[in-house]
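Following: one structure in structure tokens, then a few remarks.
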Amino acid sequence: MCGIIGFTGYLDASEVLISGLSALEYRGYDSAGIACFEDGQIAVRKSVGKVAMLADKVSGTLHSFCGIGHTRWATHGGVSEVNAHPHSCGRVTLIHNGIIENYHELAGELAATGRIPVSQTDSEIAAMLIDSLYEGNPRDAIAKAASRLEGAYAFCILFSDIPETIYCIRKGSPLVACHTEDGSLVASDMVALLRYSKDYFVLPEDQIAVLSRHGIEVTELDGTVVTPVMLHVTWDMSAAQKNGFKHYMLKEIHEQPESLRRTITPRTMRCVYRHDDGSCAEYYLPDFTADKIPDSVFQDVNRVVIAACGTAMHAGLMGRILFERLLRIPVTVSIASEFRYENPILDETTLVITVSQSGETADTLAALRLSRERGAKTLSIVNVKGSSIARESDYVLYTHAGPEIAVASTKAYTAQLAAFYLIAFRFALARGAIKAEVCASMTEQLLSTIHSVDDTLLLKNQLKDISRHLVTASNLFFIGRSLDYALSCEGSIKLKEITYIHSEAYAAGELKHGTLSLITEGIPVIALATQSDVLSKMISNVKEVRARGAMVILITKKEAVVEESLYDYRVDLPDTPDLYAPFTAAVVLQLLAYYTSSYRGLDVDQPRNLAKSVTVE
Ligand code: M6R
């Protein structure tokens, strides 16, 4: 939600800012802008639309070594140049990611000092507030402003009388920074800094970073100097580039075997079993020693609550089924944006699992904070190292999916599934709910699933052909039972967000309780039938939609016997035991959504109105 970058040093600032904004564009792409020191003055350039439009406007017009840049996802005020960042007031120019909740009240107070905003944004009010408090000491002004601001923010601020220097503060919204021999950089996300450094730090909340070309000083609000904790990224630039694929989404779909391998294998411990005759057999068990997650986390709880948003929440739906099947303890899944308003029942015997690719989703973070306040144990499944959710959880299981740039989550989702499978297996083992040999066999099957996911990618031509028949649809349905229903929810969001085709996911048995009235001649129904225990029931549901004229795309397994008259297209998944079919079926649904969006000529990676990381409530 909004991308932020700041640079001061020895390179051409506008180039650094534009290339950084291009890398951050997935966070928001309504409009973009930069502000740079040029000959002692602050020059501002803004443009509605994508960063490329701003780049054209800026090209060759700015000569600067220090500046800040922003790519916007509109919250307060429509998409217009005047609402685009940076915003200036008096000696202050800033960029902002977040939402200032009390901006209306502050605007009233500031109007009394003659400061009248020109935009409709809350961010301009923040610039006005800092300017009103500025008496020559930026830190004081920022600290005083922070005590007045309610909501979430990450600011990069220029003071016109302090050239070549950037001031930063954050609360609730992310900011990472690094210093290199080229200068100092700050950004909302590491992908923008990767060209310059793999070492960085996360600016802690309520601390101020001052960037100069010589270094970065971090202080508490009272001026006490603190030493930031350095982190290191293990992936490089190519992980955040398209590498020959037409879109990031397609590249990320193809990266799933690797991302699963990286997520699963470090969490499997090789064990050797010696038979009575002296021969040995080796087997693998899930193991979280390196993640510092002791078995006691699983042994001392009697309930699990999963909280997340969007796709991450759909991974949680799958987690719930696994946990309940293997552990026989109650599990609930909450939409994180509802969690704190539901007054959840939590105590020290509850394990709350929050799931997030970015680790910065505001609602998931709020759910985590409330869970801690109420004494629950917290474990997070997170992709971005050092993110807020990771740092604030008692325990973290990182997915190692690498950077996910496309707004539609793909490899992060299957990595989250893998994390849930590993946790469920270890959880069950730690509580004695399953025997070691059962756990070993399930772990082995999970490892083999990586190859099945690879094989699923070979279905892409068939899926491309099927997608042609979805291009003109205006509504469609996903149906499934048990694990397939949880996956239907994910298939539906994937399709909706990038194709703009309305779709709904239905538990197949629920159709006749209302939705069947929407099934008319030619309506596409994507029927997931990968679970043999409910196959016959699923076939009955397919008959129900078929009888009403639906165009059926059946996703199933080779061995499933289904009359040909019941479907228009049939996709047979590579061979996997039922429990692991969600991995391969997920890839099928991702590819169907991808090709349909692509055939419709849409912006696959940056669908309208959305942003990758939702850091506002
Ligand atoms: O970063 P997070 O995993 O917390 O993000 C949660 C959702 O915003 C995200 O999964 C969203 O639903 C995806 N765009 C769906 O593809």
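The values are calculated or read from the model by the stated rules, or taken from the named source; none is laboratory data. All of these numbers come straight from a predicted model, not from anything done at the bench. Backbone-built Cβ (ideal geometry, glycine too); neighbour counts: all protein chains shown. Heads up: the accessible areas ignore ligands, DNA and RNA and are worked out on the full protein's heavy atoms, side chains in. Shrake-Rupley method; radii C 1.70, N 1.55, O 1.52, S 1.80 Å.
Along the charge dipole of the range 43-113, pointing to its positive end and built from +1/-1 on Cβ of Lys, Arg, Asp and Glu, which listed residue (Gly77, Tyr103, Thr113) has its Cα farthest out?
Gly77
Which value, in debye to the nearest 20, gives the size of the charge dipole of the range 201-277 about its Cα centre, when Lys and Arg are +1 and Asp and Glu are -1 at the Cβ?
580 debye
I'd like the distance between the alpha-carbon centres of the range 316-353 and the range 501-521, rounded to an integer number of Å.
27 Å
Please get the size of the charge dipole for the range 3-233, origin at its Cα centre, with Cβ charges of +1 on Lys and Arg and -1 on Asp and Glu, quoted in debye to the nearest 20.
Dipole about the Cα centre, nearest 20: 400 debye.
Taking the dipole about the Cα centre of the chain, with the C-beta of Lys and Arg at +1 and of Asp and Glu at -1, give me whichever of Ala547, Met249, Tyr398 is farthest to the positive side.
Most positive-ward Cα: Ala547.
Going down the list Lys171/Lys494; Lys46/Lys411; Lys460/Lys558; Lys198/Lys377; Lys377/Lys537, which pairs span over 28 Å between their C-alpha atoms?
Result: Lys171/Lys494; Lys46/Lys411; Lys198/Lys377; Lys377/Lys537 exceed 28 Å.
Which residue, Thr234, Gly60, Cys178, has the largest displacement toward the positive end of the dipole of the chain when charges sit on each Cβ (Lys, Arg +1; Asp, Glu -1)?
So the residue furthest toward the plus end is Thr234.
Could you tell me which of rounded, prolate or oblate describes the range 256-434, using a ≥ b ≥ c as the square roots of the eigenvalues of the alpha-carbon gyration tensor, with rounded for a/c under 1.5 and, failing that, prolate when a/b is larger than b/c and oblate otherwise?
Verdict is oblate for the range 256-434.
Hey, any idea what % of the range 39-130's accessible area is carbon plus sulfur with a 1.4 Å probe?
56 percent
So, by mean Cβ neighbours within 10 angstrom, what's the order for 91-102, 41-52 with the highest one leading?
On the way: 91-102: 24.2, 41-52: 18.6.
Ranked by mean Cβ neighbours within 10 Å, highest first: 91-102, 41-52.
Quick one: net charge around Thr289, please, counting Lys, Arg +1 and Asp, Glu -1 for every other residue with C-beta under 12 Å from its C-beta.
Around Thr289, the surrounding residues sum to 0.
Taking the Cα-to-Cβ direction at Asp295 and at Thr180 and moving 7 Å from each Cα, how far apart do the two end points lie in nm?
4.6 nm
Of all accessible surface on the range 458-599 at a 1.4 Å probe, what whole percent is carbon and sulfur?
Numbers: 2710 of 5260 Å².
Answer for the range 458-599: carbon and sulfur cover 52 percent of the accessible area.
When the accessible area of the range 256-434 is computed with all protein chains present and a 1.4 Å probe, what percentage of it is carbon and sulfur?
Carbon and sulfur together cover 49 percent of it.
Rounding to the nearest 20 debye, state how big the charge dipole of the chain is about its Cα centre with +1 on each Lys and Arg Cβ and -1 on each Asp and Glu Cβ.
Dipole about the Cα centre, nearest 20: 1120 debye.
Which sequence of Asp578, Asp605, Asp140, Asp222 reflects their accessible areas, 1.4 Å probe, from the largest down?
These residues rank, largest area first, as Asp222, Asp140, Asp578, Asp605.
Under a 1.4 Å probe, what is the accessible area of the chain per residue, stated in Å²?
Each residue of the chain exposes 37 Å² on average to a 1.4 Å probe.
Summing +1 for each Lys or Arg and -1 for each Asp or Glu, what net charge is found among the other residues whose Cβ lies under 13 Å from the Cβ of Ala146?
Here the count lands on -1.
So, counting K/R as plus one and D/E as minus one, what does the shell of residues with Cβ under 15 Å around Leu610 add up to?
Values: positive: Arg27, Lys50, Arg72, Lys494, Lys496, Arg608, Lys612; negative: Glu25, Asp30, Glu404, Glu497, Asp603, Asp605.
With Lys, Arg at +1 and Asp, Glu at -1, the net is +1.
Between the range 539-617 and the range 252-296, what's the alpha-carbon centroid distance in Å?
30 Å
Determine the shape class of the range 458-599: with a ≥ b ≥ c the square roots of the Cα gyration tensor eigenvalues, call it rounded for a/c under 1.5, and otherwise prolate if a/b is greater than b/c, oblate otherwise.
It comes out rounded by the Cα gyration axes.
By per-residue mean of other Cβ atoms within 10 Å, what is the highest-first order of 361-373, 224-236?
Top of the packing list down: 361-373, 224-236.
Ranking request for peptides 591-599, 335-343: highest mean number of other beta-carbon atoms within 10 Å first, then the rest in descending order.
591-599, 335-343
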